[in-house]
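Q: Structure below; questions to follow.
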Amino acid sequence: MKKAVNIMWKAIDWFLFFATVAMVLLIFINVIGRYVFNFTFVSFEEISRILFVWCTYLGSAIAIKEGTHVRVDIVVNALKPKARKIVDIVANLIVSFILVVTIYTMKDLIAINISNPLPLTKIPYGVVQLIIPVGMFIMLCVNIYNLVMMLTGRPTSAEQLQAQGKEDAE
């Protein structure tokens, strides 16, 4: 199971890498085309936007795994460890609820938009939106894993990565 999860994270990393390179190349080609040849590939902008949306949701899943999402923690850091753990558990429960609701509501939106093609590439808009529940599901799995780890007193995914980073640095 752990090997499959590691393969999934590596695949996401590689997808993000190649999608970012593709976005940069597509935009670069369009800029050169526009200012040098007075010609643009109109579909390149749409493809870049699609890739950007997919990168956003997959990147958010990685941010939850690594514990790097932006959060206001000035109050949480002032709490004692036991109170901080309770606040973290409640926050993770709330996030899990929001993720479940979003996944559930997205199925209807995707069903509606699967027949609506984008204007230039003709890719169904539902395919573009498909990454939202996929990314949210990955986030939910990581969040549930972190909740189980917190409730059992074991390190969360972010704490495991931090410990691994410290070991690698030594």
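Q: Could you tell me whether segment 132-141 includes any residue that is outside any helix (DSSP H, G or I), free of Cβ contacts under 8 Å to residues at least 60 places away in the same chain and open to solvent by 60 Å² or more (accessible area, probe 1.4 Å)?
A: Restricting attention to segment 132-141, the residues satisfying the condition of being outside any helix (DSSP H, G or I) are none.
Within segment 132-141 (the criterion being outside any helix (DSSP H, G or I), free of Cβ contacts under 8 Å to residues at least 60 places away in the same chain and open to solvent by 60 Å² or more (accessible area, probe 1.4 Å)), the answer is no, since none of the residues qualifies.
Q: Here's another thing I want to ask about it. With respect to Ile74, determine if the residue is out of contact with any helix residue (DSSP H, G or I) (no Cβ under 6 Å at 6 or more places or on another chain), aliphatic (A, V, I, L, M) and at pLDDT 90 or above.
A: no
Q: A further question on this structure: Consider segment 63-88. How many of its residues are in contact with a Lys or Arg (Cβ under 8 Å, 6 or more places away or on another chain) and open to solvent by 90 Å² or more (accessible area, probe 1.4 Å)?
A: So the count comes out to 0.
Q: Go through segment 9-39 residue by residue and tally those that are open to solvent by 70 Å² or more (accessible area, probe 1.4 Å) and free of Cβ contacts under 8 Å to residues at least 40 places away in the same chain.
A: 15
Q: Looking only at segment 109-130, decide whether some residue is within 22 Å of Val90 (Cα to Cα), assigned to a helix (DSSP H, G or I) and touching a helix residue (DSSP H, G or I) at 6+ places or on another chain (Cβ under 7 Å).
A: No.
Q: Need a quick list: helices (runs of 4 or more DSSP H) entirely within segment 1-90 having at least 2 residues that are hydroxyl-bearing (Ser, Thr, Tyr) and within 30 Å of Thr152 (Cβ to Cβ).
A: Numbers: elements: 2-36, 42-66, 74-78.
Result: 42-66.
Q: Additional query: Which condition breaks for Ser43 when tested against (1) surrounded by fewer than 15 Cβ atoms within 10 Å (Cβ to Cβ); (2) closer than 30 Å to Leu130 by Cβ?
A: Tallying (1) surrounded by fewer than 15 Cβ atoms within 10 Å (Cβ to Cβ); (2) closer than 30 Å to Leu130 by Cβ, Ser43 fails exactly one: (1).
Q: For segment 144-170: of the residues being in a loop (DSSP other than H, G, I, E, B) and among the β-branched types (Val, Ile, Thr), which is modelled with the lowest pLDDT?
A: Step one: list which residues in segment 144-170 are in a loop (DSSP other than H, G, I, E, B), which gives 152-156, 170.
Pick out the ones that are also among the β-branched types (Val, Ile, Thr) and you get 152, 156.
Details: Thr152: 87, Thr156: 76.
Across segment 144-170, the extreme among qualifying residues is Thr156.
The values are calculated or read from the model by the stated rules, or taken from the named source; none is laboratory data. Not measured: the values here are computed from a predicted model. All Cβ positions, even for glycine, are placed from backbone atoms using ideal geometry, and neighbour counts span all protein chains on display. Keep in mind that these areas ignore ligands, DNA and RNA; they rest on the heavy atoms of the full protein, side chains included. Shrake-Rupley method; radii C 1.70, N 1.55, O 1.52, S 1.80 Å.
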